[in-house]
1. Tell me, what is the FRET efficiency for R225 and E35 to the nearest 0.05, using R0 = 51 angstrom and their Cβ-Cβ distance as r?
2. Report relative contact order for segment 158-251 in percent, whole number only (criteria: Cα-Cα under 8 Å, sequence separation at least 6).
3. Starting with the highest mean, order 25-36, 174-185 by the number of other Cβ atoms within 10 Å, averaged over the residues of each peptide.
4. Scan segment 44-103 for trypsin sites (Lys or Arg not before Pro) in coil per DSSP, keeping those whose Cβ has at most 13 other Cβ atoms within 10 Å, and list them by number.
5. How large is Rg/Rh for the chain, to two decimals, with Cα atoms and a Kirkwood Rh?
6. As a test, work out the antiparallel percent of DSSP beta bridges whose residues both lie in the chain, rounded to the nearest 5.
7. Which shape class, rounded, prolate or oblate, goes with segment 273-321 when its Cα gyration tensor gives a ≥ b ≥ c as root eigenvalues, a/c under 1.5 marks rounded, and past that a/b bigger than b/c marks prolate?
8. Please get the size of the charge dipole for segment 172-289, origin at its Cα centre, with Cβ charges of +1 on Lys and Arg and -1 on Asp and Glu, quoted in debye to the nearest 20.
Amino acid sequence: MSSQSLPGSDDRAPSAHDARPVLSGARLLLADRDERIASAAAEALRNHGVTHVHTVGSSAAFLEAGRRPPSPVRAWDIAVWDTGLGGGDENLTAFLGAWYAQNPGVPVVVTDDAPSTHRALAALRGRAADMVERGDTAGLVAAVGRARHQTLVPPAATPAPKPVSMLVVGAHPDDVEIGAGGTIHLRAAEGWDITVLTLSHGGGGGDPERRGGEALRAAEVMGARLVMEDLPDGSISDDSSTVRVIERTVEKTRPDVVLVHSASDTHQDHRAVHRATLVACRRVPRLACYQSPSATVSYHPNRFVGLSESDLDAKLAAIRAHGSQAGSRWYLDEDLLRSTARYWGRFSQARYAEPLEVIRDATPLGFFAGDHG
Ligand SMILES: [Zn+2]
């Protein structure tokens, strides 16, 4: 079947046309048992930028030409193999194996008179770059273009960037929401992977089970996952047992950034969690402290995370999720939370902000620097 007679071959023209930039300058070895099909394919490939096409008509000539590329210092860029020259499925796999042993990194596009699942599997096992119907010139040009593109841009060269991992540690349910709820929402929307670690169920301020459920809903609103531990509310220590509890989550989440209570805080649990977190996160490159309602005037923020209206709304919604605390805690008053964020906004480019006291920032250019906005 010749490409000219293929119905719908015009429809495929755009994909073949796209092949031109990647095929420009390529040198290609093409095997086909029929000289007319070989020359039609060669002409189409040249029309799409391939500079050099060498055609052969047997497996021996194919392997021989593979050993002798046009330039002794540069291998073929790509090869096309007609299965009609190579026998059955098992032979195809073995033949491709022989080709790659001799020409590592030179992809082979396989052409077949009537591609079947069996033949395609044999080609796959032999690591063929693609399989197209023999005589489908437009399909061949597109497949050669794709194979060439893959050798030019290997997947390893463009790994998906790993999302930033942030761990936010608090002593009690709602601490993290009050201190960094807007920052968590902002960063989660940017694709950061965020874990909230709450070290107690807050049994001193209500039913631990109910508070656990509230904390879970609040984390969902902010876009974070929640890890809840069960240290004693009111008497959390800063000794090695607390450090180990925090280290468990550090090992699992491998954070790039950690946020925690400040040392300048009147609540003993907050101070203990601050100290234990500094030890547990000694290898984390960036660590900063958020502001709790019990922070003292010695809390000295030096970074300000600018928040949008929706970040602030999410923070307030997360705090509202702690329904068991609303009404009994002066610091949960929405008017106060909103005006506090508005006040810190004067240190940023945004209307609202959350303050951070940076303890460690090991990034050369200052990871938190962008947070002024
Ligand atoms: Zn607290």
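1. 0.20
2. On the way: 127 pairs, mean separation 28.2, N = 94.
Taking the mean separation of contacting Cα pairs over the length of segment 158-251, I get 30 percent.
3. Numbers: 25-36: 18.6, 174-185: 28.8.
So the peptides 25-36, 174-185, ranked by packing, come out 174-185, 25-36.
4. none
5. Rg/Rh for the chain comes to 1.27.
6. Of all bridge pairs located within the chain, approximately 25 percent are antiparallel.
7. prolate
8. The calculation lands at about 460 debye.
The values are calculated or read from the model by the stated rules, or taken from the named source; none is laboratory data. Just so you know, these numbers come straight off a predicted model, no measurement behind them. So basically every Cβ, Gly included, is an ideal-geometry build from the backbone, and we count neighbours across all protein chains shown. Areas reflect the complete protein model, heavy atoms only, side chains present, ligands, DNA and RNA absent. Shrake-Rupley method; radii C 1.70, N 1.55, O 1.52, S 1.80 Å.
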